[in-house]
Amino acid sequence: MSSVTTADPAAGTATAKVEIRSVHKHFGPLHVLRGIDLDIRAGEVTVVLGPSGSGKSTLLRTVNHLEKVDGGTVSVDGVLVGYRRSGNKLYELREREILKQRTRIGFVFQNFHLFPHLTVLENIVEAPVSALKRPRKEAEAAARSLLERVGLADKAEAYPKQLSGGQQQRVAIARALALEPGLLLFDEPTSALDPELVGEVLDVIKDLAASGTTMIVVTHEIGFAREVADTVVFMDEGRIVEQGPPAEVLDSPRHERTRAFLSKVL
Amino acid sequence: MSLTSDPPATESVVKDPPPTPPAPALVVVPVRHPWRWAAVAATAVLLAQFGHGLVTNPGWEWDVFAAFFTTETILQAVWVTLQLTFHGTALGFAIGIVLAFMRLSASPFLRSVAFAYIWAFRSIPLIVQLLFWFNLAYLYEELSIGIPFGPGFVSFDTMGLVGEMGAAVLGLALHQAAYAAEIVRGGVLAVDEGQLEAAASLGIPRLRQVRRIVLPQAMRSILPNAANEIISLFKGTSIVSVMAIGELFYQVQVVYGRNGRVVPLLMVATAWYVLLTTALSVVQHYVERHYAKGSVR
Ligand SMILES: Nc1ncnc2c1ncn2[C@@H]1O[C@H](COP(=O)(O)OP(=O)(O)OP(=O)(O)O)[C@@H](O)[C@H]1O
Ligand SMILES: [Mg+2]
């Protein structure tokens, strides 16, 4: 695990590469991930597309071990997620160690999941203070500059319920950024938003993409994918059907299923 | 056939309408509830009769009530009752929180232990349990720490260790813990799972997740039930009178056993219970308001 910490979270953070190797996942009889292989270079933006139920969220959740894999491995910046390898054996990590690994990986949920009883500032400061043992003063200063970055400098003392959906999602992004993660995961960050609020959240994510953090974004926003993605991955029925630069996958897809999907969402 | 679809506008074009006078202000007549008034009247009459009885019936012996309400013995007994309530609640909820998280844990061992405890202490009547603790010294005269089934290193005199008050608090707390555990568990289950996922994905340490994220949110649904339990324990302390501990109800019994003034002394106890329960309800209101932070309801 690289231990680069910069004082200013708005400055460039260490970015991580991701290697996913033949990952399988079952939910009971349901074989949800059927051998996923994916390489993401440091600083790249990968957009994952696919029909509902194709396993996009599940894949994203295996990357920070919210979901345990049944087979295969995920590693972030060369470090196995959730396991320690010794010879030919994989030892499951203890919860404490997994929690520590997650501080290097930011996750943004479809439904924000802000802590409703804490103010915006407290939401952002919580993890740096409790997980990274940052001094509160320092964490608060960093949080305020993050809020400025997502355009919510004046909302530090508000409670989440007092904000619009778009504002809440921007706070959730700031909360994930407060740990200065090398990798950011977004699971349909704009799907729960009213159409007129989608833009403000996508703008923040575009901004982050330009700053060079590695990102995996599950979304149905094709325009966003075209503009921001380095790689577009199309998933169906637990497999990666097709991947490549957006111009290839979105404009001249080689697979029938990709074409069928794109014709529905475009 | 086409009558219904005739736009009324044509009519107004044909007839030149006279200038309409300004519409009179409309008066709203609320729905009348005669039966409500009848019920209120009947209740008022009954209350007045009862009140009249309280004042004029010499059987209530208000002078005796006034004489005993704040005597030393009664005040001391109130203090004992409050102590029993406080320690029983504090210890009971402390154990209850631990039991609740044991029942929610991933470990089958911890889950079964908590389940068995709750099953046992909800099944045994409180009074039986209390008498058992009171008579512990009869079963085990001394407790010793040492090799299981082997020789002991240190030993304690059981009654000296537990004491009467200790036995009472222990009994109340162990009983309370079983109920508190289920209340706390219910509160924790009511917290949205997404909250735990968010906390986990931020790498917040486990204990901190519980203390900072889960419990404060669970408190909202725990509090009304917990207040019920505390108030019920407060009055339930009167059961401890079977152990001859000088709490409010026992002391009142002692006094009317001596002077035979049963009714006014029962009123003394009742008045104290009502007064203190009211105080608890007020505290509940403010504590609930504290935990409603950030909520719109
Ligand atoms: N915890 C779970 N238990 C059982 N089945 C699950 C669980 N989570 C997901 N699934 C199933 O796994 C499949 C893949 O789910 P996943 O959420 O990864 O799909 P998705 O591609 O993200 O879909 P969507 O676009 O609707 O979010 C679905 O059929 C879903 O019902
Ligand atoms: Mg999904």
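Peptide A:106-117: average number of partner chain Cβ atoms within 10 Å per residue?
5
Could you grab the relative contact order for chain B? Cα pairs under 8 Å, six or more apart, rounded to a whole percent.
This gives 24 percent for chain B.
Please report how far the C-alpha centroid of region A:109-139 lies from that of region B:223-262, rounded to the nearest whole angstrom.
Cα centroid to Cα centroid, the span is 47 Å.
Only bridges whose two residues both fall in the protein assembly as shown count here: according to DSSP, what percent of them are antiparallel, nearest 5? Please list the in-between numbers first.
Values: 29 of 46 bridges.
The antiparallel proportion sits near 65 percent.
Taking Rh as the Kirkwood radius, which is the inverse of the mean 1/r over Cα pairs, what is the Rg/Rh value for chain B?
1.24
How do the peptides B:192-203, A:93-104, B:59-70 rank, highest first, by the average count of neighbouring beta carbon atoms within 10 Å per residue?
Those peptides, ordered most packed to least, come out B:192-203, A:93-104, B:59-70.
Give the long-range amide H neighbours of A:Thr214: residues separated by 5 or more places, or on another chain, with amide H under 5 Å away, using H modelled in the peptide plane at 1.01 Å from N.
Excluding prolines and chain starts, which carry no amide H, the hits are A:Ala16, A:Gly43, A:Leu184.
Quick one, what does Rg over Rh come out to for chain A if you take C-alpha atoms and the Kirkwood Rh? Working shown, then result.
Working: Rg = 18.2 Å, Rh = 19.0 Å.
Reported Rg/Rh, Kirkwood definition of Rh: 0.96.
Please work out the average accessible area per residue across region B:186-297, using the 1.4 Å probe convention, and give it in Å².
Accessible area per residue: 49 Å².
Rounded to the nearest 100 Å², what's the accessible area chains B and A bury against each other, both chains counted, probe 1.4 Å? Mind showing how you got there, number by number?
Details: alone 19610 and 12600 Å², together 30080 Å².
Protein heavy atoms only, the B-A interface buries about 2100 Å².
With θ set to phi - 60°, apply the Karplus curve 6.51 cos²θ - 1.76 cosθ + 1.60 along region B:269-277 and write out the HN-Hα couplings as whole Hz, x wherever there is a Gly or Pro.
4, 4, 4, 5, 4, 5, 4, 6, 5
Viscosity 0.890 mPa s, temperature 25 °C: what is the translational diffusion coefficient of the protein assembly as shown from Stokes-Einstein with a Kirkwood Rh over Cα pairs, rounded to a whole number of µm²/s?
On the way: Rh = 29.8 Å.
Value of D from the Cα-based Kirkwood radius: 82 µm²/s.
Within 10 Å of each Cβ in peptide A:149-155, how many partner chain Cβ atoms are there on average? Round it to a whole number, please. Please report the intermediate quantities before stating the final value.
Numbers: counts 0, 0, 0, 0, 0, 0, 0.
Mean partner shielding for this stretch: 0.
Relative contact order, percent, of chain A when contacts are C-alpha pairs under 8 Å separated by at least 6 residues?
27
Which far-off residues, 5 or more places away or on another chain, put their amide H under 5 Å from the one on A:Ile240, with H placed in the peptide plane?
So A:Ile240 has HN proximity to A:Asp37.
Compare the Cα positions of A:Gly53, B:Pro34, B:Gln83 along the charge dipole of the protein assembly as shown (+1 at Cβ of Lys, Arg; -1 at Cβ of Asp, Glu; about the Cα centre) and return the one farthest towards the positive end.
Of A:Gly53, B:Pro34, B:Gln83, it is B:Gln83.
With a 10 Å radius around each residue's Cβ, average the other Cβ atoms per peptide and rank A:49-62, B:122-135, B:26-39, B:274-287, highest first. Don't skip to the answer; put the middle values down first.
On the way: A:49-62: 20.6, B:122-135: 14.6, B:26-39: 7.2, B:274-287: 12.2.
Listed from highest to lowest mean packing, they are A:49-62, B:122-135, B:274-287, B:26-39.
Mind checking A:124-131 for the average number of partner chain beta-carbons within 10 Å of each residue's beta-carbon? Write down the numbers at each step before the final one.
Values: counts 0, 0, 8, 8, 2, 3, 11, 6.
Neighbouring Cβ atoms belonging to other protein chains average 5 per residue here.
Considering only chain A, what is the antiparallel percent among its DSSP beta bridges, to the nearest 5?
60
As a quick test, which of the pairs A:Lys68/A:Lys264; A:Lys56/A:Lys206; A:Lys25/A:Lys89; A:Lys68/A:Lys206; A:Lys68/A:Lys89; A:Lys68/A:Lys100 have an alpha carbon distance above 22 angstrom in this structure?
As for pairs spanning more than 22 Å Cα to Cα, those are A:Lys68/A:Lys264; A:Lys68/A:Lys206.
The values are calculated or read from the model by the stated rules, or taken from the named source; none is laboratory data. No experiment lies behind these values; they were computed from the predicted model shown. Note that each Cβ is placed from the backbone with ideal geometry, even for glycine, and that neighbours are counted across all protein chains shown. In case anyone asks, the SASA skips ligands and DNA or RNA and just uses the protein heavy atoms, side chains included. Shrake-Rupley method; radii C 1.70, N 1.55, O 1.52, S 1.80 Å.
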